[in-house]
Every structure is written in C-alpha cells, then in structure tokens.
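First comes the structure, then the notes that go with it.
Values quoted throughout were computed directly from the atomic coordinates according to the rules given, and no laboratory measurement underlies them. Just so you know, these numbers come straight off a predicted model, no measurement behind them. Neighbour counts run over all protein chains shown; Cβ positions are idealised from the backbone, glycine included.
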Amino acid sequence: MSMTEPTLELVAGDLEALIRVTQPDAPSGGPGAAAQAGPEPRSDGSGGVDPDASPTADPPGTPVGSSAAGDREPVPAAVTHPLGGAFLGDPASLRDMRPSTVHQPTGLSVRRRHDFECEAFAVGGLHVAGASLRGLSHSWDGRPNQDAFFVGMSEDQRWVIAVVADGVSAAALAADAAEASSREAWRAVRHALSASTDPREIDWAALGETVRQRVLARGRRLVGALSGDASAGQELPAEAVAEHFASTTEVVLVEVAPDADGARRVVRLALAGDSTCAVLDQSDAENPSWTIWSAGKDPDAAVTSNAVRPLPLPQPELVATWGQLLPRQVLALVTDGIGDPLADGTTLTGAHLALRWGTPLAAVKFLDSCAFVVAGGEDDRTAVAVWA
Amino acid sequence: MSITAPTQVLSPTGGPSEAAGQKIFPVFLVIDTSWSMKGDRLDAAQTMAPALLDVCLEDPTIRDKVRVELIAFNATASVVVPAARASDVRSIPPLHAAGGTAYAGAFTLLRQRTEEVCQELRADGFKVLRPVVFFISDGEPTDSEQDRDQAFTDLTDPGYAFRPNVCMFGVGEAEQESIAAYRSGRGVSVHIPGDAARALAAIVPVITSSVLASVGPNAQGGLVIDTGALDDLDDVYVYD
C-alpha cells in the first residue's frame, strides 16, 4: 500500500499553539500535585476547606508511601500523569492527575485488566490499529479500564472486523460486560460472514438479537455468581442483569478488496449505545476534515445526556448501515471517551487526531495518539482506525 | 466523502474549539432564608454550598464539570453566588434570615437563571447536562398557591429545553404535601420532620454524594439521587 504523507500545515500550526507539553520543572507534577495546584482559599465563613492550608488526606489511588519522597527528585508530571500524552489546550484539573497503582476489586474478573492495550496489523492495502486506555476517572478511583475492543479478519480474509464496547460504569461487572459484548459480537459477525457469500443477505436483525441473548446468558451467570449462587441468575430478567452487567457495543466491517475506483465497502452495526463512527478525509491534504457518520450523542440537543440503553437490554431491530471508504480516508470507530471530545470534529481532539492519524501508525504510536489529555476527556477510551 | 448514510461534512473552521465536547452539570442550590431559619438552622444551611464546592474541588474528575449557583429566597429570591466552577468561587456571602416563604419568586428566578446559565454555557461551546435544583425549605410557603403553581409549571414545562430536575427537601415545619408537590423530573422529595438543624446537616451529604453519583467517575448517565446518608435518621420520607 502506498501512502503519501499529507501536509497538515494548518492543523499542525493551530495545534502547536494549543498543545502544552509539561516540562520536567513544571510545578504540577509529583506527589501532592493536586493539592499544590488547588485554587486560592475561599471566604465563606463556614470552616470550608482551605486547600492551601489544610493537610488533607491523600486522594484515592495515591500510592502507599508516596508522601515520603525522601531525597528523590520529584518525578515530572509528564511522566507521572496517568495518560501522559499531549496536553490539548488547558486540560484544567486533569493536568494534575496522578497514576494509581491501586485497583479496587471489581466484579468477578480473574484477569486483572491492563491499563492499556493496543495492536495493529496490515492487510491488503489497509492498515488497522486499535487501542484501549483506562480513563482518568477510573485512574482516580482505582477502577480498571471498562472498555474493550476486538479487531481481526473474517475467516475468508475478505473483511476487517472491528468491535468496540464500553461497560456502563455504574454496573459492578462493567468490564466483564464490555469484554463479553465485544467478544460475542465478534463471534457472531465472523460466523455470519463465514456462512454467507454476500453480506447484504445476512439477517442482521437476527444477529443483533443473537448477540444480545448470548450477552444476557453470560450476564446471568456472572450476576448469579456475584450473589454467591450462579444458578440464581438464570431466571433474571434483562433489566435486573443490566443493573450489574451492561455495555455498549458497535461493530464496523471494512472490505479488504477495493472496487475499480479504489472504494471499499463499509458496514456499520450499532448494536447498542453511544459509540461514534467517523471518517477523516484527507483528500485536501491541507484541510483534513472529519465527517461524523454516526455521533454517539445528538450534537444539536439543547441538553445532552450520558444515558445509554446498553446490552443486554432489548434493542431496536439492528439495521446494517452501508457506506464506502475511499483512498486516503481513515475510518475511526471510538467509544465515547474519544467520541465526546471529538464531538463534530472541529475540536482540539479533532485537530489532534487529524494530525496524528494523517499516516498509519504502529500499535504503540496509535496508543500514544489516544493518550491525549483534554478538559472533559476523563472517560475510558477505545479507538479502532482503518487507513485506506 | 461517499458514505451513503446520512452525513454531515464538518471541516474545522475558525480554529478548533477548546470547550466543545465538554459536558457541564449546572447545580442550583436554593435555600430558604425566611425568618424561621434564624439561628442554628441558618448555620446549618450556611454549610451546604461550601460542602458542595469542596467536594468538587477535591475530585479533579468533576472539578471542571460542575457549575454551582446559590440562590436564597424568602419573600423575594436572589442569586447569592452566580453559577461558577468551584475553583472560581472566592467567597460566599453570609445568608441572612428575614421575611416570609415565597416559593413562586424562587421558581421564577430559577426559570430565568437556568436559561441564562445554560445558554451562556452553550454559547461558550460547552454541552449542557440537564440542570438539577436542590430546594431546601423549613416552612410552609406563604405566597399564593396559584402563583407558585404557575411559576413551577413555567419552570418544569416539558417544552422548556433547560427544565431542571427538581429535588425538594422539607425540614422543620415544612409539610410533606407542599414539598412533594414540587418535585419534578428525576428529582425526589424528602421530608424530614423534627429537629430542623439536624435535618439540614443530614441533607448536606445527600447533595454532595448525589452530584458525585451523577457525574463522578462511576456515573451511569442522568441524575442519581443518593439518599443513603439519611438511612440512620428516623422519620424520613423519601418520594421518587
């Protein structure tokens, strides 16, 4: 696959002015940074907290012994920050976050979730990268990453399959739900593609219900086990399961072989929730633009909402949405940890990702590109990008 | 671009927006300062806004996300602290008890302020979550029922885009019926008869934990009212 590096002068110029990289001598790093960076005292006559004067307890997630720094030089904020990527604009209070090595026991997961996961591969002129990162909120309170993703190929190698899932934070088994939902969606789609010569003939509505039932079955087992009796969950209604085990799930398929014009077919399957599917168009190299194919949230709503209707709750009939991916376009499927700050693409996050995703990235570079720090971007993050 | 689904081409124009994508949660704390609040009741009420602001300050994941406005009302209503992020509030003027208890004035001011605050946030490029009102009163309203019902209807009209979820807290001489009548949306009404100062102190953690549960690290989406702090009190009536 031949890739010409696009010229992104305008975006790069804008972004350089807005990105702040913390220097080693910046005052916000090291133990106690959050308290040091606190606001000025407030006068309220009520005995309220004076953040400069009161020796407050360490925030959740503070490593044991962190206050006993001894004679070691403070570790720079650029190193200690849980994400550590580019600072976009003024990330306000999020710049003072510190990493947590403390993971509260969550759900029934035997495997400890890694804070970061990434992978990348190339196939037939496409480059595919995926990454998932524990967000700043969960880094703050000691919970694991509750997003999950799958990327891979159909059995016949004709389709790239990408799945992202976002466990609903309030559910005790959120991380398990995201893993189960993405895995079941992956399995079902891969099987359906294997059993059909033409994806247009696949009964996507039936597939959507199959995924939901499998997620529900898994949830019943885990929620039952959570109560100490695995069999107790077998009769639970979906609503009861979803209180503890719930996740969004979205799938995108990209056909490997292009048509005569270089276009590749794309299928989007929004099984549940508020993920965002977007296309970065670089046909005008100096003005790359985002097209939001499906926004996770209504951009025109006067009042926005974080509420979702996750799996395993019943969903509207699943409908496949078909599109095309043209040469020099990048298809991105992201959970709301990236979709919300990306918004309509005209944001700092949009400019940052347009700059970083201008050319295909290796797995670790892709992970780094998703580790930006931006005000309002504290959720877990997952992204899959496909470069055509 | 040739995606065949409904699309909207959005090229960066005028430079990228720093606020876009940030979701702000406006919180309106409305405190009865009628004459009956004088003394330890007012002392207890005085701690509410600082406690809420401190919770926001202590948690960087919500510090920039919450805007707190303090409104006091008796015969009239006024903004004591305009909507601001916790780190921008430099002082909170002391509350003074006087006059009667006119809900209508508070509801009317809330209608005006919810719109002004939300529109201003949107104009600055933020996304706005549905506002919440924590309304605290220790006595029966002294204004006309018709006036306050009309003002409340205007505030919570389904056609009003920024209609808030209203949580009503009644303590002291407040009656259950008049408190419950003005709950709306996903709000609750809480009636705690008996020692009003003690009840007011008990409401503080309900408000702070509800804000955390609604937009903190493990928020599910939408308003969550956490009344767990009232579990140890006798004679607490919660309606949702």
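Estimated from helices alone, the mean residue ellipticity of chain B at 222 nm is -10000 deg cm²/dmol (sum of -39500 (n - 2.57) over DSSP H runs with n ≥ 4, per residue).
Working note: Debye formula, equal point scatterers on the alpha-carbon atoms of the range A:290-330, no solvent; log10 I(q)/I(0) at q = 0.21, 0.22, 0.26, 0.28 Å⁻¹ is -0.98, -1.01, -1.08, -1.11. When the square roots of the Cα gyration tensor eigenvalues are ordered a ≥ b ≥ c, the ratio a/c for chain B is 1.5 or more and a/b exceeds b/c, which makes its shape prolate. With R₀ fixed at 60 Å, the C-beta to C-beta distance from B:D154 to A:Q157 puts the FRET efficiency at about 0.45.
Here the 3J(HN,Hα) profile of the range B:163-168, calculated from phi with Karplus coefficients 6.51, -1.76 and 1.60 at θ = phi - 60°, is 4, x, 7, 10, 9, 10 Hz, Gly and Pro shown as x. Taking 18 Å as the straight-line reach from the Cα of B:K23, the lysines in range (excluding those fewer than 8 positions away in the same chain) are A:K297, B:K65, B:K127. Remark: A:M153, B:M48 ranked as A:M153, B:M48, counting other beta-carbon atoms within 10 Å and listing the fewest first.
Ordering A:H352, A:H114 from the fewest to the most neighbouring beta carbons within 10 Å gives A:H114, A:H352. Computed from the C-beta positions of B:R198 and A:H114, the FRET efficiency with R₀ = 56 Å rounds to 0.70. Applying 1/(1 + (r/R0)^6) with r as the Cβ-Cβ distance of B:D240 and A:A205 and R0 = 41 angstrom yields a FRET efficiency of 0.70. The charge dipole of the range A:302-385, taken about the Cα centre with unit charges on the Cβ atoms of Lys, Arg (+1) and Asp, Glu (-1), comes to about 320 debye, rounded to the nearest 20.
Report the Cα centroid-to-centroid distance between the range B:84-160 and the range A:332-368 in angstrom, as an integer. Centre-to-centre distance over Cα atoms comes out at 39 Å.
Distance between the C-alpha centres of the range A:258-315 and the range B:163-222: 38 Å, rounded to the whole angstrom. Fraction of C-alpha pairs exceeding 21 angstrom in the range A:222-307: 58 percent, rounded to a whole number.
Using a/c under 1.5 as the rounded threshold, could you call the range B:40-148 rounded, prolate or oblate? The axes a ≥ b ≥ c are square roots of the C-alpha gyration tensor eigenvalues, and prolate needs a/b larger than b/c, oblate otherwise. It is oblate, given that a/c is not under 1.5 and a/b is not larger than b/c. Phi angles across the range B:185-199 convert, under the Karplus curve 6.51 cos²θ - 1.76 cosθ + 1.60 with θ = phi - 60°, into 3J(HN,Hα) values of x, 8, x, 10, 10, 10, 10, 10, x, x, 4, 5, 5, 5, 5 Hz, Gly and Pro given as x.
Shown here: the range A:242-376, whose C-alpha atoms stretch 45, 38, 32 Å along the first, second and third principal axes, sorted largest to smallest. Just check the range B:20-81 against the gyration tensor rule for me: Cα atoms, a ≥ b ≥ c as the square roots of the eigenvalues, rounded for a/c under 1.5, and otherwise prolate or oblate depending on whether a/b exceeds b/c. The shape class here is oblate.
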